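Only one structure is covered here, and it is reproduced in the block below.
The values are calculated or read from the model by the stated rules, or taken from the named source; none is laboratory data. The shown structure was predicted, so the numbers you read here are calculated from the model rather than taken from an experiment. Counting neighbours? That spans all protein chains shown, and the Cβs are built from the backbone with ideal geometry, glycine included.
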Amino acid sequence: MSFHEMFRDLPPGAGAQAAGLTLGYGGAPARAVFARHGAARLRCASLLKPLYAWAAHPSFTAGSFSGDTGGIGPDRWRSAAEPAVRVSDNATTLDLWFSAGPRAVLDLLARRTGVTWVPSPADPYWFGGVEVTAEEVAAAYGALALAEIGGDPVAGTLLTWMRETEQNFGLPAPVAAAIGCAPDEVAVKCGWAIFPDELVLRTHAVAVARSGPRAVLAAALTALPYAHGRDAYLRHVAEGTPVLGEHETEAGPLLRALITTSLAELGFPPASG
């Protein structure tokens, strides 16, 4: 399926983006693809949590704050970062987000990735209010992947957790089949939310695969009209009831199609059969 076919079938008011990159040394020249339907930028919710954790690590924040007032120690960092990445825990993400301060985290992240994001103007302390494009997400995670290839132990730890998470919307298998690696070698981070001021369900994902000194990235962002289930969804969130199943039902097939089509455009078509 092409991007055109997917976008043609989306309902009015929907937004969707996809991006893919190949980076690193050797093999075919680096390639990139980007496709968009709807809004230019989308709120990303949990999709950036591993990147926030990377920027908040004490090895990176040391010396970055006047008066040495920012940052957290290695043990506290790990206790916050691991659940933030593995199970997308919001409370521990806030520990990372506030340890250095939102603007500092985003500034430090920009230095590492070359991608500049800003806090929400409505609430600069809300980590889920940052707006991104799929192209930016792929580029930022590309920097994380290349750092792991270059021997950065923090990047390696974060990507290992991403490879082990069960919150992956079934992406490791089709990505691995296209790239030619094992599913447990595919790192995934997903984000999901519905915001009180919107009538769209947001379901996002990024997949990272390595091939020697090269990295293959694919990112997908979706915002689908969801007025019919919004009240029940918000009630489930308030009660602590899992809502991933609803995201799978509403957006899972589209999310996987956006990721696999991005890979096909990069020269990694779906495996036959």
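So which of Ala155, Ala176, Ala140 is touching a residue at least 40 places away in the same chain (Cβ under 8 Å), of a type in the set (Gly, Ala, Ser) and closer than 20 Å to Leu255 by Cβ?
Ala140
For Ile149, work out the one condition from (1) without any contact (Cβ under 8 Å) to a residue 40 or more places away in the chain; (2) under 30 Å from Arg36 (Cβ atoms); (3) aliphatic (A, V, I, L, M) it doesn't fulfil.
(1)
Which residues, counting only those in segment 203-243, are in contact (Cβ under 8 Å) with a residue 60 or more places away in the chain and over 22 Å from Thr133 (Cα atoms)?
Scanning segment 203-243 gives Arg210, Ser211, Gly212, Pro213, Arg214.
I need a count of the residues in segment 160-173 that are in contact (Cβ under 8 Å) with a residue 60 or more places away in the chain and assigned to a helix (DSSP H, G or I).
Result for segment 160-173: 3.
To keep it simple, each residue is scored yes or no on (1) at pLDDT 95 or above; (2) touching a strand residue (DSSP E or B) at 6+ places or on another chain (Cβ under 8 Å); (3) surrounded by 19 or more Cβ atoms within 10 Å (Cβ to Cβ).
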position: Trp126; (1), (2), (3): no, no, no
position: Ala138; (1), (2), (3): yes, yes, yes
position: Thr165; (1), (2), (3): yes, yes, no
position: Asn168; (1), (2), (3): yes, yes, yes
position: Ala176; (1), (2), (3): yes, yes, no
position: Ala187; (1), (2), (3): yes, yes, yes
position: Leu201; (1), (2), (3): yes, yes, yes
position: Val208; (1), (2), (3): yes, yes, yes
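For Thr93, indicate whether it is of a type in the set (S, T, N, Q) and in contact (Cβ under 8 Å) with a residue 40 or more places away in the chain.
Considered against the rule, which asks whether it is of a type in the set (S, T, N, Q) and in contact (Cβ under 8 Å) with a residue 40 or more places away in the chain, Thr93 comes out as yes.
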